Each structure stands twice: as structure tokens, then as C-alpha cells.
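Take a look at the structure set out below.
The values are calculated or read from the model by the stated rules, or taken from the named source; none is laboratory data. The model shown is predicted, which means the values in this text are computed figures rather than measured ones. Ideal geometry is used to build each Cβ from the backbone, glycine not excepted, and the neighbour counts take in all protein chains shown. We work out accessible area using only protein heavy atoms, side chains counted, and drop any ligands, DNA or RNA first. Shrake-Rupley method; radii C 1.70, N 1.55, O 1.52, S 1.80 Å.
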Amino acid sequence: MKLFVAGLPYDLDDNELEEIFEKFGKIASARVAIDKMTGKSKGFGFVEMPNDAEAQEAIDNLKDISLGKKPLVVTQAEERGGPRAAKKW
């Protein structure tokens, strides 16, 4: 399951994001979104967990806790339908 995580402190890196989620199970990937122009964090990221039950446990336990000034928002990521998505005709 791919998770969307918002409300991250701007100084949090990929490794720290992975550390937060690995308490709940195996992590396939953890990436903080970086602004291409400034090279700084956008305050959100994505975590991919192969086990859906572990991912759901992470959602249930991490939502609304604060790592900084803002509470975390942890949800299942939705597929993007932007210009890079494959078009279905």
C-alpha cells in the first residue's frame, strides 16, 4: 500500500521518514517530496509498505500526532491522473 504523509517538518529526510514507519512493518520505499527549484522539502512525502495490514496500522497510529508544528496526515495515496498518467482511450 502506498501512503501519503503530510504535515512533515521541513527538515525531515527520507531516512527519518522511513524510521517513523518501520515501527509498523517492512518499508519498500520512503520519500520526502522535494521542490525542484529550491531543493527543500515540500512538507509531505510517500511511504510504500508491501503489507496492507501493517500500512493500515501505521495510518491508525500516526494520524494526528505532531512531529513539529502541524499534526501528521496519513492516508492511502490516490493514483494521480495528471499528464504523466497513462491515458485510457
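Would you say Ala58 is open to solvent by 70 Å² or more (accessible area, probe 1.4 Å), assigned to a helix (DSSP H, G or I), at pLDDT 95 or above and small (Gly, Ala, Ser)? Spelling it out, it is not the case that Ala58 is open to solvent by 70 Å² or more (accessible area, probe 1.4 Å), assigned to a helix (DSSP H, G or I), at pLDDT 95 or above and small (Gly, Ala, Ser).
Residues that are part of a strand (DSSP E or B) and of a type in the set (Gly, Ala, Ser) within segment 61-72 comprise just one, Ser66.
For segment 77-84, the condition of being modelled with pLDDT under 95, surrounded by fewer than 16 Cβ atoms within 10 Å (Cβ to Cβ) and within 16 Å of Phe21 (Cα to Cα) holds for at least one residue. Could you check segment 29-55 and list, in sequence order, the residues that are open to solvent by less than 70 Å² (accessible area, probe 1.4 Å) and in a loop (DSSP other than H, G, I, E, B)? Correct list: Asp35, Gly39, Met49, Asn51.
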